[in-house]
Amino acid sequence: MTETRFSGQTAIITGGESGIGRSTAVLMAEWGAKVYLTDIRQLPENTARYQELGISRSTGDVREEAVLQQLVDRAVAETGRLDLLVNNAGVGMVKPVTEVTEEDWDFCMGVNLKGAFFGCKHAIRQMLKGDGGSIVNVASNAGLLPRAHDPLYSTSKQAVVGMTKSLALCHAKDRIRINAVCPGPVGETGMMDADIEKADDSDQFIHDVIHASPGAAAWNRMITPEEVAESIAWLCSDAALMVTGTMLAIDGGKSLGVPPAS
Ligand code: NAD
């Protein structure tokens with residue numbers, strides 16, 4: 001049976017050209033949503049599939065509020081509504097605190113937090129005019145359990161978690177749901193590929209990343225972007241109508257604590 005869960009609905013996805021964002025855009029369009037995506041770049045390998053699915057693409061930097069405002073306004077002008085937003089655009093930042101520059105701060109917090117915050121602002125502005133909506137912020141397992149090796153990234157994702165809860169509490173009365181997913185380690189993503197490329201020993205790095213998550217270790221693989229997209233789509237859908245302010249870990253138990261010795 002064809003899945004039509006999002007038929008007649010309009011969705012915006014940021015950072016939709018690769019990894020988790022690409023899988024989410026494709027899945028939500030396959031399930032009937034009219035998808036508008038924005039990203040800082042456009043990848044030619046997506047063109048045929050996105051055209052086939054009627055996905056509308058634009059280039060823009062989520063650090064600029066105007067980009068998000070215009071995207072919401074365009075989606076509403078063309079479809080008359082906005083039902084769903086996935087704040088997915090994000091960047092990694094692996095540096096000890098002593099090496100983090102002000103520029104690094106502005107970059108990482110700008111994409112990961114400011115972009116998500118102003119995405120929420122403009123989506124909520126529109127959703128308040130209609131009959132509510134659903135927003136999913138892509139945080140990270142680092143948003144649940146901060147990590148030692150990337151304090152700035154961990155800070156940005158912890159802030160996304162706090163923002164998600166605050167907005168969820170404020171707007172449940174308006175039928176606007178705001179949740180977050182906290183994935184990782186996710187393979188086949190630009191973020192993970194960049195870390196693998198930087199590693200001195202890429203095989204050892206991949207082994208270590210997988211074994212930092214008990215579930216990933218049990219399956220001997222990373223989480224896939226499609227697995228994250230399925231959870232995002234579920235949170236967006238009416239199947240999760242009473243779910244708001246939830247941080248859904250998709251991390252094979254990584255953020256639960258210290259696993260048993262193997
Ligand atoms: P990715 O690099 O494949 O995807 C990120 C996308 O965001 C890219 O298409 C990139 O071009 C876009 N982007 C970056 N800066 C942007 C900007 N300023 N404006 C607009 N678009 C921008 O990596 P991914 O892993 O799919 O990342 C998606 C989200 O998942 C991020 O928020 C990331 O923090 C989060 N995440 C990833 C992992 C992982 O293991 N890969 C784990 C936890 C959380």
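Projecting the Cα atoms of TRP219, ASN88, ILE40 onto the charge dipole of the chain (Cβ charges, centred on the Cα centre) puts ASN88 farthest toward the positive pole. The residues of the chain expose on average 47 square angstrom of accessible surface per residue, using a 1.4 Å probe on protein heavy atoms. Each Cα pair of the stretch 216-262 feeds into the Kirkwood radius, which the Stokes-Einstein equation turns, at 4 °C and 1.567 mPa s, into a diffusion coefficient of 103 µm²/s. Using a simple spin-label model with pseudo-atoms 7 Å out from Cα toward Cβ, GLU102 and THR2 lie 5.5 nm apart.
Expressed as a whole percent, the accessible area of the chain that falls on carbon and sulfur atoms is 55 (1.4 Å probe). Extension gain for GLN69 to ALA148 (0.36 nm times residue separation, less C-alpha to C-alpha distance): 24.9 nm.
A Förster radius of 25 Å, combined with the Cβ-Cβ distance separating GLN204 from ALA261, puts the computed FRET efficiency at roughly 0.80. Averaging the Cα positions of each part gives two centres, and for the stretch 64-96 and the stretch 230-249 these lie 18 Å apart.
The equivalent ellipsoid of the stretch 87-156 has semi-axes of 28, 13, 7 Å, largest first, where each one is the square root of 5 times an eigenvalue of the Cα gyration tensor.
For the stretch 31-162, a simple Cβ point-charge model (Lys and Arg +1, Asp and Glu -1, everything else neutral) yields a dipole of about 400 debye relative to the Cα centre. In the chain, the DSSP beta bridges split such that about 0 percent are antiparallel, to the nearest 5.
Name the residue, out of GLY90, GLY245, GLY54, whose mean-square fluctuation peaks in a Gaussian network model built on the chain with Cα pairs under 10 Å. Most flexible of the set in this elastic network: GLY54. Pairs over the 25 Å Cα-Cα cut-off, from the set LYS95/LYS121; LYS121/LYS165; LYS121/LYS157; LYS34/LYS165: LYS95/LYS121; LYS34/LYS165. Binning the alpha carbon pair distances of the chain at 5 angstrom intervals from zero yields the distribution 1, 6, 13, 18, 20, 17, 12, 7, 3, 1, 0, 0, expressed in whole percent. Take LEU128: with every protein chain present and a 1.4 Å probe, its accessible area is about 90 Å².
The values are calculated or read from the model by the stated rules, or taken from the named source; none is laboratory data. All of these numbers come straight from a predicted model, not from anything done at the bench. Backbone-built Cβ (ideal geometry, glycine too); neighbour counts: all protein chains shown. For accessibility, only protein heavy atoms count, side chains too; no ligands or nucleic acids. Shrake-Rupley method; radii C 1.70, N 1.55, O 1.52, S 1.80 Å.
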